[in-house]
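The structure appears right after this line, and notes come after that.
The values are calculated or read from the model by the stated rules, or taken from the named source; none is laboratory data. In this text the structure is predicted, and so the values were computed from the model without any measurement. Backbone-built Cβ (ideal geometry, glycine too); neighbour counts: all protein chains shown. Just so you know, the surface numbers come from the protein's heavy atoms only, side chains and all, with ligands and any DNA or RNA stripped out. Shrake-Rupley method; radii C 1.70, N 1.55, O 1.52, S 1.80 Å.
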Amino acid sequence: MSTQVKGAVLLSRKEFVREEYGDDAWQKVLGGVTSANRGQLEGVLLSSRWYPFEINADLDRAIVDVLGRGDRNVLKKIGARSARTNLSGAHQAFLKKGNPQAFMASTDRIYRFYYDEGHREYESTGPASGVITTYDAATFSENDCLTVIGWYEEALRMCGATRVQIAEEPCRARGGPHCRYVVSWTV
């Protein structure tokens, strides 16, 4: 069995596409996913339900192909939108305004809200830096990693951080043993 993602992950992508590009764009993106996944994405998506990671990966690929025209940076924008939506609503308690390190200490708990397998750890490496590492996820993709980067960049800004920089090194999708994100910011 593969990793599952919460419907909130899929809904944030749908919301992003519709708000940034319009309803017609969502229909075009749906035309770019496999027919098996299209049925799921055309139906009612429930934010609290678990869905196969493969649907998310297929949707990310279609968004890059159809809207990004191959530019994968659109996925960082999706991650940022998801952070604004979720951290302004249901997961608002995770935000620690003025204290990005306290927010980052919740990394593993946040991960478990979105993925059902694996875990994510955060290690502080200084007053305004650290390392996020994702372990043991059964499925992974470079595209999903870009949404993670966009999500954490925006979340840190919401905590008051500026000049946020995140670099992934290594990545499981590129043959690494895990996904590791080096994070730094100023306050």
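Can you spot a residue in segment 19-28 that is modelled with pLDDT under 90 and of a type outside the set (Ser, Thr, Tyr)? Yes; the residues of segment 19-28 include at least one that is modelled with pLDDT under 90 and of a type outside the set (Ser, Thr, Tyr).
Hey, does segment 81-89 have a residue that's open to solvent by 10 Å² or more (accessible area, probe 1.4 Å) and among the hydrophobic types (A, V, I, L, M, F, W, C)? No, every residue in segment 81-89 fails to be open to solvent by 10 Å² or more (accessible area, probe 1.4 Å) and among the hydrophobic types (A, V, I, L, M, F, W, C).
Pairs under 6 Å by beta carbon, first residue of a type in the set (Lys, Arg) in segment 12-30, partner assigned to a helix (DSSP H, G or I), six or more apart or different chains? Listed pairs, sorted by first residue: 13/59; 13/78; 18/26; 28/66.
If you go through segment 29-42, how many residues are open to solvent by 30 Å² or more (accessible area, probe 1.4 Å) and in a loop (DSSP other than H, G, I, E, B)? So the count comes out to 1. Among the residues of segment 124-142, those identified as within 15 Å of residue 176 (Cα to Cα) and assigned to a strand (DSSP E or B) are 132, 133, 134, 135.
If you filter segment 56-75 down to residues that are touching a residue at least 40 places away in the same chain (Cβ under 8 Å), closer than 17 Å to residue 148 by Cα and part of a helix (DSSP H, G or I), you find that the one that is most open to solvent (accessible area, probe 1.4 Å) is 61.
Of the residues making up segment 159-168, those that are closer than 17 Å to residue 76 by Cα and open to solvent by 30 Å² or more (accessible area, probe 1.4 Å) number 5. Within segment 98-113, residues that are surrounded by fewer than 16 Cβ atoms within 10 Å (Cβ to Cβ) have Cβ atoms under 8 Å from residues that are among the basic types (Lys, Arg) and at pLDDT 95 or above in these pairs: 108/120, counting only partners at least 6 apart in sequence or on another chain.
Residue-wise test of (1) in a loop (DSSP other than H, G, I, E, B); (2) open to solvent by 30 Å² or more (accessible area, probe 1.4 Å); (3) basic (Lys, Arg); (4) on the phi > 0 side of the Ramachandran plot.
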site: 122; (1), (2), (3), (4): no, yes, no, no
site: 148; (1), (2), (3), (4): no, no, no, no
site: 157; (1), (2), (3), (4): no, yes, yes, no
site: 170; (1), (2), (3), (4): yes, yes, no, no
site: 176; (1), (2), (3), (4): yes, no, no, no
site: 185; (1), (2), (3), (4): no, no, no, no
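The set of residues in segment 1-21 being open to solvent by less than 20 Å² (accessible area, probe 1.4 Å) and in a loop (DSSP other than H, G, I, E, B) consists of 3 alone.
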